[in-house]
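Worksheet for the structure shown next.
The values are calculated or read from the model by the stated rules, or taken from the named source; none is laboratory data. Because the structure is predicted, anything quoted here is derived from the model rather than measured. Cβ placement follows ideal geometry from the backbone for every residue including glycine, while neighbour counts extend to all protein chains displayed. Note: areas computed on protein heavy atoms with side chains; ligands, DNA, RNA excluded. Shrake-Rupley method; radii C 1.70, N 1.55, O 1.52, S 1.80 Å.
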Amino acid sequence: QFFVFCHGLLQLSQLLVSSYLKSSISTIEKRYGLSSQTSGLLASFNEVGNTLLIVFISYFGSRVHRPRFIGCGAILVSLAGFLMSLPHFITGPYEYDQSVASMFSNTTDLCQPGLQGNLSDGSCTPHAASENHEVLLVMFIAQVLLGVGGVPIQPFGISYIDDFASERNSPLYLGILFSFTVIGPGVAFMLGSAMLRFYVDIDKVTQDEVQLTNKDPRWVGAWWLGFLVAASLVALSAVPYFFFPQEMPKEGRWKGQDFPVVLLRNLRHPVYLLVVLAQVNLSAMVAGLATFMAKFLERQFSLTASLANMVIGAVNIPGAMVGIVVGGAILKRFQMSLRQCSAMCVLGMFLCLLLAFPLLFLGCPTQKVAGVTYSESSEFGHHAMECNLQCNCPEKAYNPICGSNAIEYTSPCSAGCRAVDINAENSVLNYTNCSCISGNGLEGFAKPGTCGTGCSHLFLPFVVLSCLAGILASTSHTPSFMLILRSIQPEDKSFAVGIQFMLLRVLAWMPGPVLYGSAIDTTCILWEKKCDRKAACRYYDNNLFRQRYLGLQFFFEVGAF
């Protein structure tokens, strides 16, 4: 029982490390200028190290000192967690365009006629370019280590418990473990929600030097803090494993067999193959959902990163847990046959489809952004961008403001604003004398920050529907596992589960986030430029983003059905 407790704790903290990345992915994109395709690849890269080793590990599992192996794996995972936060410490402070001179920048992004190119476009030193490669390299290495370290943890832990627990208690213990595993991502998103409220350079600059609030589109939260917390937890959970015995008093164990023979025997089994394919579809959906759902909520409903994580950690993930528990309870209560199990899976997925379809229509277009989604020339007769010609704005300035005409501008300069009102703490109250914002023949003013999408009224129905759809989809989790475990030969059981996990990794968890990330990238309408390469996306076409992101999700749900 102590082993089960330790293992639950370890799996929880291991999942904290791997899921925390997903909660801070939009922040890391913004901080280091990554496209969603790159961040998707990064998020799924831990599966690479994992997949290469998992089959052999589950095959040789019974011959080694399992607890010690688990302990070593955990230490690797903890190292990977610390490595993930390293980029924060090897790069300089986060820089952003601003209107009020401060200690690390005496430039301003206001309109200053007559001054040639005031904001430097020269931020592209060879050092800046190589620094970015170093950051990516460190993170990819950390992800591979995370995958490799995670290999022995799950299969060895499960087989160790199954070997030495009595037949009667084993399902209970595995159920406890499983619930820990499901809580993990929820805790990770809550941790993300807490950490992203702090400013990224909390350790490098003092609070009053930071002119951003966490609602500002330029805000970057302290993404690295969560990795330190999670990695320390893993290190703590690893300690007891070095003190467990190699074997406990036990019942029977399975005999070694021919590797290829078992593989073929299972893959030729139609029920096994179909159920695994359905699970591949569901897993691909979950992979995309977990990686980019927070980013989607941020863009579609103009939420802060912290709030988006809170919603996922407190609503969506617990919903999925409820679904898994309810599915298991129905199975136990009605002692279902295999045919009833499959009927239950089909029914759950069908209802999920009915609820997920309306989600495609719950949203609204990107706000009007001058020169990006909208050009004024059509309405006012005079050419839109003539109003800021004398300002000599640098192309890449990014400090969004919302004009009194409800149109967003990418920077005060592009709106032709020549003056700024600030309060005692040096933060901007509003911009005035803006030649591009005309209202009743007067020069308009603007407030700092984005105008937002104006979608907040759809946020609640969206969350409720997506949570219900998630509950329904996850009721099929336990019955689909039962279909696999009861339809194959008992002595192949642990091997079949190993193969199943490997297929899920190769076909769903690895390509899933990359596929979703690429789809999201196709909907970008304004890229940040760093050293003449595309960096992070500034603005998406929200309708396309929603249709492609949720459309992919719907596609996989239909596939599973």
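Which residues make up the longest stretch of the chain clear of GluC sites (Glu not before Pro) that lie in a DSSP loop with no more than 15 other Cβ atoms within 10 Å, not counting the sites?
Excluding the exposed sites themselves, the longest stretch runs over 252-394.
With every protein chain kept in place and ligands, DNA and RNA left out, what is the accessible area per residue of the chain? Probe 1.4 Å, answer in Å².
Computed with neighbouring chains in place, this is 44 Å² per residue.
Provide the solvent-accessible area of Phe545, counting protein heavy atoms only and rolling a 1.4 Å probe, rounded to the nearest 10 Å².
Here the residue's solvent-accessible area equals roughly 0 Å².
To the nearest 0.05, what FRET efficiency results for Leu277 and His65 with a Förster distance of 51 Å applied to their C-beta separation?
In this case the efficiency is close to 0.90.
Mind ordering 478-486, 148-156, 455-463 by average Cβ neighbours within 10 Å, highest first?
Per-residue mean Cβ counts within 10 Å order the peptides as 148-156, 478-486, 455-463.
Nearest 500 deg cm²/dmol is fine: what mean residue ellipticity at 222 nm does the chain get from its DSSP H runs of n ≥ 4 alone, each adding -39,500 (n - 2.57), divided by its residue count?
-19000 deg cm²/dmol
Percent of accessible area on the chain owned by carbon and sulfur, 1.4 Å probe?
The nonpolar share, carbon plus sulfur, comes to 66 percent.
Whose amide H sits under 5 Å from the amide H of Ile422, counting only residues 5 or more places off or on another chain, with H placed in the peptide plane?
Leu429
For labels at Leu228 and Leu354 in the simple 7 Å Cα→Cβ model, what's the distance in nm?
5.1 nm
Which shape class, rounded, prolate or oblate, goes with segment 465-542 when its Cα gyration tensor gives a ≥ b ≥ c as root eigenvalues, a/c under 1.5 marks rounded, and past that a/b bigger than b/c marks prolate?
Oblate, since a/c reaches 1.5 and b/c is not below a/b.
Using a simple spin-label model with points 7 Å from Cα along the Cα→Cβ vector, what separation in nm is obtained for Leu389 and Ala329?
Distance between the two pseudo-spin positions: 7.0 nm.
List every residue whose amide H lies under 5 Å from the amide H of Tyr539, counting only residues 5 or more places away in sequence or on a different chain, with H placed 1.01 Å from N in the peptide plane.
Those qualifying (amide H under 5 Å, at least 5 residues apart or on another chain) are Ile525, Leu526.
How much of Val428 can a 1.4 Å solvent probe reach, expressed as accessible area in Å² and rounded to 10?
Rounded to the nearest 10, the figure is 40 Å².
Apply the Karplus parameterisation 6.51 cos²θ - 1.76 cosθ + 1.60, with θ equal to phi minus 60°, to every residue of segment 531-536 and state each ³J(HN,Hα) to the nearest whole Hz, in sequence, with x for glycine and proline.
My calculation for segment 531-536 gives 6, 6, 10, 5, 10, 8 Hz in order.
May I have the extent of the alpha carbons of the chain along their three principal axes, as whole Å values ordered from largest to smallest?
85, 47, 38
Which whole-Hz ³J(HN,Hα) couplings does segment 69-77 yield from phi under the Karplus relation 6.51 cos²θ - 1.76 cosθ + 1.60, θ = phi - 60°, glycine and proline marked x?
Rounded to whole hertz, the list is 4, 4, x, 5, x, 5, 5, 4, 4.
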